[in-house]
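Chemist: Before we start, here is the structure in question, set down as structure tokens.
The values are calculated or read from the model by the stated rules, or taken from the named source; none is laboratory data. Predicted model, so just to flag it, every value in this text is computed and none were measured. No Cβ is skipped: glycine too gets one built from the backbone with ideal geometry, and neighbour counts run over all protein chains shown. Just the protein is used for accessible areas: all its heavy atoms, side chains included, with ligands, DNA and RNA removed. Shrake-Rupley method; radii C 1.70, N 1.55, O 1.52, S 1.80 Å.
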Amino acid sequence: MALGAIYVEKECVNPIFLENEREANRYSCRCLQVMALIAALAWLLNLLDVFIVPPVVMNVGMPVCIFFFLLPTMLRPKMAWLGGWFQYLIMGCCILGITVLSVAIPKHTVLAWIAPVLLSCHYYSRKLTASALAASVVCLLAAGIASLYVGEGDPNLMEAFRAEDVVITPEIFREAVLFFLLPRSAILVGMAFVCMTVAKRTRSLLEKQAADSAARQRIETELNVATQIQADMLPRIFPAFPERREFEIYASMTPAKEVGGDFYDFFLVDNDHLALVIADVSGKGVPAALFMVIAKTLLKNAVQMGLSPKAALEKVNNQLCENNEAEMFVTVWLGVYEISSGKLTAANAGHEYPAIRRAGGEFELFQDPHGFVLAGMENARYREYELEIGPGDTLFVYTDGVAEATDAANGLYGTDRMLEALNEDRSLAPEGLLGRVKADIDRFVGAAPQFDDITMLSIQRKPDAGANVRP
């Protein structure tokens, strides 16, 4: 149970290394399965007299060899419980299986001794590789010596001695160790250091990947918080003014990234005046979101101070121009709606044309006078205009993310399609109207990625607004 707890703790600390260890375990088990198949094939070939090995040696050795090679696969369901010890089990079974195989047919298993070292380097652990190397060298020497007396024998050794030398003399033993077993051990050590060097380099890259992944996770967490904060800054509770029967208002924003540069706002300046704002900050992501917060706050403060849309834009423009080293700007449509009369006083700072639908009619673009964008130039001047919103009339304002939505072929959605979607159903209230346009945009865009924030706001004066006007 303690080993399982260690394994869980390791997963929490470094999931990338844990996943790599799991993959290495699966890879190693598959390799040992192949080696078990080779051992079974050798056993079959010996039965066909391809190898000259005493049947007793093969009939005893090969089942033991196959058992060792397949044991890790059989214990894989217990891998989580065994934790980090599972890799040592794999190395031990691999080495023991090769040892038995080398005693029986040494001349065919010279390269097999590299397998434990190669498998161990996939775990990026110098300790494991060093342990596998030490055990491999010891078992290689033991298997080599045992093969002098048991098994097939090495033809290289046979060439070194006279054929009539059927007894392993001390001289033959010494020559076998010095000229065959020790050089093979040295080659194995050399290969191990190469593998350890590659494993060390790979581990450093994996550690960098783990650090980058942790950093990305922190950024994603912070962006999620920023997304929530930005969403909380916008009016999101609808109906927004349930006690007011004179009008109905609805707005939505769909950011292209975790945080966006678009924003909308609406708030009562007093009991008879409702401020409406929709804006689009240049750029996307965190910089645009930060600039959006500043612009939104300044605009709301200016309007709540009693400034007209024209005066509010001029004041905020100069404020945004101060220390604007990032050279960002924002397009804004700002209106103050007089609830009792339906009169809308508005000003446009480089924003999209609004669309208006008169009662019983269709939506059309209203080409209002444009001023320069905010934060683009100090002391810019803006023009105000008035628009009468009669009973049953609906106003629709939006950002360029609506008209400039693109499909996979880079075709633009455009204002014509937008107007068609708006005019599809004349009975829709603002909420249904925005939902219809968004659904139409989604159908047009298809699987293409969203490149810009999509923000919309609509207000409708109720047909019986005159009867509901407050004194």
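Chemist: So if I place +1 on the C-beta of Lys and Arg and -1 on the C-beta of Asp and Glu, and nothing else carries charge, what would the dipole magnitude of the chain be about its Cα centre? I want it in debye, nearest 20.
Modeler: On the way: 40 positive and 54 negative charges, 391 e Å.
I would put it at about 1880 debye.
Chemist: For helix 55-74, report the angle its Cα long axis makes with the longest principal axis of the Cα atoms of the chain; keep it between 0 and 90° and round to the nearest 10°.
Modeler: Result, in degrees: 20.
Chemist: How many angstrom lie between the C-alpha centres of the stretch 13-90 and the stretch 375-413?
Modeler: The stretch 13-90 and the stretch 375-413 have Cα centres separated by 69 Å.
Chemist: Sequence neighbours fewer than 8 away in the same chain don't count; with that in mind, list the aspartates and glutamates whose C-alpha is under 14 Å from residue 300.
Modeler: Straight-distance partners of residue 300: 265, 270, 314.
Chemist: Still on this structure, please answer the following. List the relative contact order of the stretch 200-310 as a percent without decimals, with contacts defined as Cα pairs under 8 Å and 6+ residues apart.
Modeler: About 18 percent, as a whole number.
Chemist: Under 8 Å for C-alpha pairs, at least 6 residues apart: give me the relative contact order for the stretch 308-427, rounded to a whole percent.
Modeler: Working: 220 pairs, mean separation 32.3, N = 120.
Normalised by residue count, the contact order of the stretch 308-427 is 27 percent.
Chemist: If the cut-off is 23 Å between C-alpha atoms, which lysines fall inside it for residue 296, apart from same-chain ones fewer than 8 positions away?
Modeler: Cross-link targets: 257, 284, 310, 315.
Chemist: With only Lys, Arg, Asp and Glu charged, each at its Cβ (+1 for the first two, -1 for the last two), find how big the charge dipole of the stretch 316-471 is about the Cα centre; round to the nearest 20 debye.
Modeler: Working: 13 positive and 26 negative charges, 127 e Å.
It comes to approximately 600 debye.
Chemist: If each DSSP helix of 4+ residues adds -39,500 (n - 2.57) and the sum is divided by the residues in the chain, what number results at 222 nm, nearest 500 deg cm²/dmol? Display every interim value, and only then the final one.
Modeler: Numbers: 16 runs with 251 residues, N = 471.
Using -39500 (n - 2.57) per qualifying helix, the result is -17500 deg cm²/dmol.
Chemist: Let me ask another. Order the peptides 349-359, 439-449 from the highest to the lowest mean number of other Cβ atoms within 10 Å of their residues.
Modeler: Highest to lowest by the protection proxy: 349-359, 439-449.
Chemist: Any idea what the relative contact order of the chain is, in percent, if you count C-alpha pairs under 8 Å spaced at least 6 apart? Display every interim value, and only then the final one.
Modeler: Details: 760 pairs, mean separation 56.5, N = 471.
This gives 12 percent for the chain.
Chemist: Roughly what % of DSSP beta bridges within the stretch 231-383 run antiparallel, to the nearest 5?
Modeler: Percent antiparallel among DSSP bridges in the stretch 231-383 is about 95.
Chemist: Probe radius 1.4 Å, ligands and nucleic acids left out: which of 43, 333 has the largest accessible area, and how do the rest follow? Before the final figure, lay out each step's value.
Modeler: Details: 43 70, 333 0 Å².
Correct descending sequence by accessible area is 43, 333.
Chemist: Heavy atoms only, probe 1.4 Å: what % of the accessible area of the chain goes to carbon and sulfur, would you let me know?
Modeler: Details: 14240 of 23380 Å².
About 61 percent, which is the carbon plus sulfur part of the accessible surface.
Chemist: Separate question: Determine how large the accessible area of residue 451 is when every protein chain is in place; take a 1.4 Å probe and give Å² rounded to the nearest 10.
Modeler: Estimated to the nearest 10 Å², residue 451 gives 120 Å².
Chemist: Just check the stretch 338-406 against the gyration tensor rule for me: Cα atoms, a ≥ b ≥ c as the square roots of the eigenvalues, rounded for a/c under 1.5, and otherwise prolate or oblate depending on whether a/b exceeds b/c.
Modeler: oblate
Chemist: Accessible area, 1.4 Å probe, largest first: how do 32, 48, 205 sort? Let's see the in-between values first.
Modeler: Details: 32 0, 48 115, 205 90 Å².
Listed by decreasing accessible area, they come as 48, 205, 32.
Chemist: How do 248-257, 409-418 rank on mean C-beta neighbours within 10 Å, highest first? Walk me through the numbers before you get to the answer.
Modeler: Numbers: 248-257: 20.0, 409-418: 14.2.
In decreasing order of mean packing, 248-257, 409-418 become 248-257, 409-418.
Chemist: Accessible area per residue, 1.4 Å probe, Å², for the chain: what's the number?
Modeler: Working: 23380 Å² over 471 residues.
Per residue, the chain has an accessible area of 50 Å².
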